[in-house]
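Worksheet: the structure to be examined is printed underneath.
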Amino acid sequence: MRIIALANQKGGSAKTTTTINLGAALALQKRKVLLIDMDPQGHVAEGLGFEAESIEKDISQVLEQKLTLDEIIFPARPHLDLAPANILLSQAEAMLFTKNRREDRLKNAIRRLSNHYDYILIDCPPSLGILTINALSAAHEVLITMAAEYYALLGVGLLLNTIEDFREDLNPDLKILGVLASRVTRTNHARDVLAHVAENLGDRAHLFATQIKEQVILRDAGAHGKHIFEYAPDSDAAASFAALAKELGKTRGR
């Protein structure tokens, strides 16, 4: 089982889009996949066609130790299960600050899972707070999604430093799976950013050969509550996520 946290403290880096569509691509390979939403916005559920605010059992109750992870998981698609979040997770986040070993709540919950998964993908919120720390504590690997723009590049360097510090203090087995360029446009600016990543971060993190281009069709799919393979299976976006799933299978963190 591989537990992968998708992280970036900067919003707009396509973490949720990647979580949903990478998970769907792996499920189509007949891999058993669990998506865990650690963002109070609840966009993973919404992106798969479920109304987050109507979900009665969510990840906040697991972190509060009121329910087990098994009790909140439900099948979202064939081979693809979901542990959802909604706005109640914000209250749980505040509660966690007063608790001992608060950073291990998610890790301990995953350990008690009765189901065996090939992949667990954890969608992190756009921050380096206690919810992301829980995800990094539970994960084996971190996949950093990065929009192809200059300020996102600065954020990736900071995140890599944070992960390295976190590894020393809390999770020595945590590995950096790599950086995924997302929202890539056909501009000189995007090309310069990606060249800079390859040149300056290549010795610290694998840069995935697969790139996710900026495409309206991905937003449209999420707005219709569908992953890209349901909404536009013959699109370039679907091909990119299928390629990413294959590349992921061959890539290990370091």
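So the values come out like this:
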{"read-out": "Rounded Å value of the spacing that divides the Cα centres of region 6-22 and region 198-254", "value": "10"}
{"read-out": "Local net charge near Glu56, Cβ-Cβ under 13 Å (Lys/Arg +1, Asp/Glu -1)", "value": "-2"}
{"read-out": "Sequence-distant residues sharing a close amide H with Ile36 (under 5 Å, placed H)", "value": "Ala83, Leu121, Ile122, Asp123"}
{"read-out": "Amide hydrogen neighbours beyond the local backbone of Ala76, cut-off 5 Å, H modeled", "value": "Asp81, Leu82"}
{"read-out": "For the chain, built as a Gaussian network whose Cα springs stay under 10 Å, the top-fluctuating residue of His196, His79, His43", "value": "His196"}
{"read-out": "Residue exposure sequence - Lys250, Lys99 - by fewest surrounding Cβ within 10 Å", "value": "Lys250, Lys99"}
{"read-out": "Choice from Lys66, Lys213, Lys15 with maximal GNM fluctuation in the chain (Cα, 10 Å cutoff)", "value": "Lys66"}
{"read-out": "For Gly249, net neighbour charge (Lys/Arg +1, Asp/Glu -1) across residues whose Cβ lies under 12 Å away", "value": "+3"}
{"read-out": "Computed helical MRE - 222 nm, the chain, DSSP H runs ≥ 4 contributing -39500 (n - 2.57), nearest 500", "value": "-13000 deg cm²/dmol"}
{"read-out": "Choice from Leu154, Leu80, Leu170 showing the highest fluctuation, given a GNM over the chain with Cα pairs closer than 10 Å", "value": "Leu154"}
{"read-out": "For Thr145, residues with placed amide H under 5 Å, excluding near neighbours", "value": "Ala7, Leu180"}
{"read-out": "Rough spin-label spacing in nm, given labels placed 7 Å along Cα→Cβ, for Asp118 and Ala195", "value": "3.9"}
{"read-out": "Solution diffusion estimate, µm²/s, Stokes-Einstein, the chain, Kirkwood Rh from C-alpha pairs, 10 °C, viscosity 1.306 mPa s", "value": "88"}
{"read-out": "Radius of gyration and Dmax over the Cα atoms of region 65-212, both given in Å", "value": "17.1, 51"}
{"read-out": "Surface/4 of the Cα convex hull for region 134-183, nm²", "value": "3.3"}
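Coordinate-derived values only; no laboratory data. All figures in this text were calculated on a predicted structure; none of them were measured in a lab. Methodologically, a virtual Cβ is constructed for each residue, glycine included, from the backbone with ideal geometry; neighbour enumeration extends over all protein chains shown.
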